[in-house]
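The values are calculated or read from the model by the stated rules, or taken from the named source; none is laboratory data. Here the structure is a predicted model, which means the values were calculated and not measured. With ideal geometry, Cβ positions are generated from the backbone for all residues, glycine too; neighbour counts draw on all protein chains shown. Calculation scope for accessible area: heavy atoms of the full protein, side chains included, ligands and nucleic acids excluded. Shrake-Rupley method; radii C 1.70, N 1.55, O 1.52, S 1.80 Å.
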Amino acid sequence: MNITVVGAGAMGSLFGGLLAESGHGVTLVDVNAAHLQAIESHGLRLHNDQTDRHIRALRACRPDEADGVPDLVLLFTKTLHTARALAGVAHLIGAETHVLSLQNGLGNVEAIGQHVAMERILIGVTTWPADLVGPGHVHSHGKGVVRLMSADGRERPFVAAVARALDEAGLACTADVAVWTAIWEKVAFNAALNSICAATQCTVDQLGAVEDGQALAFAIVDEVLAVAQAQGVAVQVDACKARVADAIARHVGHKPSMLQDVLAGRRTEIEAINGAVVAAAAARGIPVPCTRTLLQIVRLVQARAPHSLETP
Ligand code: NAD
């Protein structure tokens, strides 16, 4: 498969590197000049629990330098950069090109739908973690999974082929018609923990310091999953709360990405997470007061950030 990874930061580099090692033709497209330069010079350094190695069998370039028509665009920008990133690679998207988003949040199908027909959009969720240690250097630890499906929910041979490619690359991927359950449950988890940590600058475990921390997180999970249920998505509220409680008990010192963004003065993915939930709730008249308040607070917090005026 010819695969172009658009947004080759932490996750794009991890997935692109493993797909390249597994024999696919991979181009990493990004706007981070230092990262691209490091990969072109030394290959992509991928450090995980097994090994620390350099992957050289891939290309890395800016959007305007990319050419050819890939079978698959794997979109891994932060959600606030999706529109601009897809516009930057519009020249690569042919009649048979599919686009897969494993980004967090809601609204990804709609954003991709500005560029690609619905039957060529794949959507999913992943629990693999990754961090960009420095230019050309990605780190991942532990294990994760990927669940994906075509955005319109129809099983197609290409969806199975993409799931197989990711699975054979070691990413534990399944095609799953219940993918929206996983997406909404992850949105609930992130709407709770990411936004509270971004607003308070607590690490995840510090939310357990007083009873209010977990109670607020649970209230947000209840609100988000009520919206999912109103949309006909079968979600498991207790299982989702158990994952939140487990994270508070065990993720000692962990700063969720939204807190990392706040601390680095970057804009966050709050609009695709709490913002999208509040919009979906408003459309159905469902009250989501905690989710909305955290949205408002994180908007205020990030408005102070040096890069808050960056155009998405
Ligand atoms: P990241 O910031 O490390 O990578 C995003 C990359 O997109 C950056 O390298 C950036 O330079 C690039 N980019 C920005 N604008 C671009 C443009 N116009 N054209 C091309 N590239 C552009 O982010 P990440 O941590 O890899 O996360 C990506 C997505 O995956 C997010 O939605 C995140 O929530 C989700 N996710 C992350 C993790 C994780 O552990 N990092 C896990 C699961 C899901």
Item checked: Mean-position separation - Cα centroids, the range 218-242 and the range 124-139, in angstrom -> 27
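How much accessible area per residue does the chain have, in Å², with a 1.4 Å probe? Kindly include the intermediate steps, with their values, before the conclusion.
Values: 13680 Å² over 312 residues.
Value returned for the chain: 44 Å² of accessible area per residue.
Taking the Cβ-Cβ separation of HIS91 and THR174 as r and a Förster radius of 30 Å, what is the calculated FRET efficiency to the nearest 0.05? Before the final figure, lay out each step's value.
Numbers: r = 33 Å, r/R0 = 1.08.
Computed FRET efficiency for HIS91 and THR174: 0.40.
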Next item on the list: Sticking with the crude label model, points 7 Å out along Cα→Cβ, report the distance from ILE286 to GLN231 in nm, one decimal please.
Entry: 0.8
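Tally Lys and Arg at +1 and Asp and Glu at -1 over the other residues with C-beta under 9 Å from the C-beta of LYS78: what net charge comes out? Show your work: numbers first, answer last.
Numbers: positive: ARG266, ARG267; negative: ASP261, GLU269.
Spelling it out: positives minus negatives among the neighbours equals 0.
Is the shape of the range 2-177 rounded, prolate or oblate, going by the alpha carbon gyration tensor and its root eigenvalues a ≥ b ≥ c, with a/c under 1.5 for rounded and a/b larger than b/c for prolate? Intermediate results must be reported in sequence, preceding the final value.
Working: a/c = 1.64, a/b = 1.23, b/c = 1.33.
Note, shape of the range 2-177 comes out oblate.
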Check: At q = 0.15 Å⁻¹, what is the log10 ratio I(q)/I(0) for the chain, with the Debye formula run over Cα points and no solvent?
Finding: -1.28
Notebook entry, point to check: Computed FRET efficiency, Cβ-Cβ of GLN50 and GLN296, R0 41 Å: what is it to the nearest 0.05?
Noted result: 0.40
Next item on the list: Using only Cα atoms, find the angle between the long axis of helix 157-166 and the longest principal axis of the chain, and express it within 0 to 90 degrees, rounded to the nearest 10.
Entry: 90
Checklist line | 222 nm mean residue ellipticity, helices alone, for the chain (DSSP H n ≥ 4; -39,500 (n - 2.57); rounded to 500) | finding: -13000 deg cm²/dmol
Next item on the list: Would you kindly state the longest site-free stretch of the chain, with sites defined as trypsin sites (Lys or Arg not before Pro) in a DSSP loop (not H, G, I, E, B) surrounded by at most 15 other Cβ atoms within 10 Å?
Entry: 155-303
Notebook entry, point to check: What nm distance separates the two modelled labels at ALA33 and ASP67, each placed 7 Å from Cα along Cα→Cβ?
Noted result: 2.3
Notebook entry, point to check: Once you put a point 7 Å from the Cα of GLN201 and another 7 Å from the Cα of ARG156, both along the Cβ direction, what distance in nm separates them?
Noted result: 4.7
Notebook entry, point to check: What FRET efficiency, computed as 1/(1 + (r/R0)^6) with R0 = 35 Å and r the Cβ-Cβ distance, is obtained for ALA215 and VAL252, rounded to the nearest 0.05?
Noted result: 0.95
Next item on the list: Averaging sequence separations of C-alpha pairs under 8 Å and six or more residues apart, then dividing by the length of the chain, give the relative contact order as a whole percent.
Entry: 15
Notebook entry, point to check: At what distance in angstrom do the alpha carbon centres of the range 41-102 and the range 1-15 lie from each other?
Noted result: 4
Notebook entry, point to check: Packing-wise, with mean Cβ within 10 Å as the measure, how do 5-12, 24-31, 127-134, 253-260 rank, highest first?
Noted result: 5-12, 24-31, 253-260, 127-134
